[in-house]
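Inspection log for the structure reproduced underneath, given as structure tokens.
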Amino acid sequence: MNAGLLIKSARKAKGLTQKQLADQLNDVSGWQTCTVNHVYRWETGRRSPREWMPHLMTVLGLRLEQGNTSTACTLVHGSATPGIINPPPSSEDDVDRREFTGATLGALAAVPLAAAAGQAAPPGRRYGVADVDRARRQLSDLRRLDDYTGGASTYPIALREMTRVDEMLRGSYSDRVGTDLLSVLAEFGQFTAWTAFDAGKLEDARRHALRATAAANQAGNRLLAASTLSELAYITASSSTPGESVAMARASWANAPRDALPAARVVLADRMAFACARTGDARGVDHAISLAEDAHDHRDDHAEPEPDWLYWINRDESRIMVGRCWAELHRPVQAIPVLETVTAPYDDTHAREVAMLECWLADSYLDAGEIDRAAASTSRAVELAERTASPRTDRWVNGLLQRLAGHRDVAPVREVLERTATI
């Protein structure tokens, strides 16, 4: 079932008219800008909800359900995040220019409506294992939602839900539940830092990553603490002042438990490689890549249960990081063959990831003087960036367009520049 039919089916299941749905969306969002025309255009596939999607999930009782594979998701009837707050769209055109990413998530399946998670924590309430599990499921859903939407949409939700977990810690609970709540808070902080980073809020991202590391340490969860510190290293490496990122990345590796899960070691090594690339340390990149490869081999040979925050780890992701590191070091001969071989496993439902990959590939093509191929990759990156709410991706695309502007005399470049000038 496509996105329009999904919305229509869920609306009718709720017994709502298009106007009633628009009114409820206005009440939930506080924007007062949704009309019957908006709903009609979404249901007929003529327009994309984009920023309205989290509110549609709330009002219509939709959630993301993980499929049989680590990245497969389906929108289903079920509990959604209540009370989502995020910035209103500046105009209908701004919303419409991005395709409804939820359209690619799969068919609509009916399941019983679960109890809503994430309600504000009443003072003095006692919490148990079920509350911890509910918060973890909520976070798992948000992680998959972010794969298909982007940080600008998911950051406000993540921030709100992290605050609610923090409020739970002010209640009463057993020692075990208290430790688990601290770990969940650290996981939420890690995810919130990521979404803030993708939303272009670098200082917020740093603050959340630091807080996540503190919560993980307080919980005695050394592995999670190492991961959150490595995320801080990654965020720092991505800034205009990446100097401290290598020390952070190496500290996260050193502080991880000796028996750390191989998948977690992959994350730490990949982020160390990126920090080294951003500081011009090619030998450090080589060493970190080798560590990641060893960890992948160990993971293949010793299957172990892994926490949900490692769901996205695979060899393709590491290969992308390898190519990205060589692209950062302006070594197109090494970067291009790697980045070209990892495009196939990712389809357009992961618009942000594929757009970023095309950006790094285009940068390397430009470094190699292959202007036509750079223009083709940039064109694809532009198209995909239109489908996701990721200011980080937008900045990469804009940087590419500025680099291409010096080659306006090349016909494919001129076509890309002229097309993007009208967006």
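Indicate the gyration tensor shape class of the stretch 314-423 (rounded, prolate or oblate), computed on the Cα atoms with a ≥ b ≥ c the square roots of the eigenvalues: a/c under 1.5 is rounded; otherwise a/b larger than b/c is prolate and the rest oblate. Taking the square roots of the gyration eigenvalues as a ≥ b ≥ c, the stretch 314-423 is oblate.
The alpha-carbon atoms of the stretch 212-370 define a convex hull whose volume equals 121 cubic angstrom per residue.
Within the stretch 374-394, whose backbone N sits under 18 Å from a point 7 Å along Cα→Cβ of E415? Backbone N within reach: 374-384. Neighbours of A362, meaning other residues whose beta-carbon lies under 12 angstrom from its beta-carbon, give a summed charge of -3 when Lys and Arg score +1 and Asp and Glu score -1.
Of the peptides 262-273, 245-256, 161-172, 320-331, the order by per-residue mean of other Cβ atoms within 10 Å, starting with the highest, comes out as 262-273, 320-331, 245-256, 161-172. Dimensions of the stretch 163-224 from C-alpha coordinates, computed as largest minus smallest value along each principal axis and given longest first, are 38, 24, 12 Å. I need the shape label for the stretch 139-275. Rule: rounded when a/c is under 1.5, else prolate if a/b > b/c, else oblate, with a, b, c from the alpha carbon gyration tensor. Note, shape of the stretch 139-275 comes out oblate.
Computed over neighbours whose Cβ is under 12 Å from that of L261, the net charge equals +1, Lys and Arg +1, Asp and Glu -1. The alpha carbon convex hull volume per residue for the stretch 337-383 rounds to 59 Å³. One decimal place: the segment T44-D301 gains 87.6 nm when fully extended, by the rule 0.36 nm per residue minus the C-alpha distance. Shown here are the Rg and Dmax of the Cα trace of the stretch 117-220, at 13.2, 38 Å.
Each peptide among 274-286, 126-138, 359-371 gets the average number of other Cβ atoms lying within 10 Å of its residues, and from highest to lowest they stand as 359-371, 274-286, 126-138.
Note on the stretch 394-423 and the stretch 211-260: Cα centroid distance 37 Å, given to the nearest whole angstrom.
Where a number appears in this text, it was derived from the coordinates with a stated rule and is not lab data. The shown structure was predicted, so the numbers you read here are calculated from the model rather than taken from an experiment. Ideal geometry is used to build each Cβ from the backbone, glycine not excepted, and the neighbour counts take in all protein chains shown.
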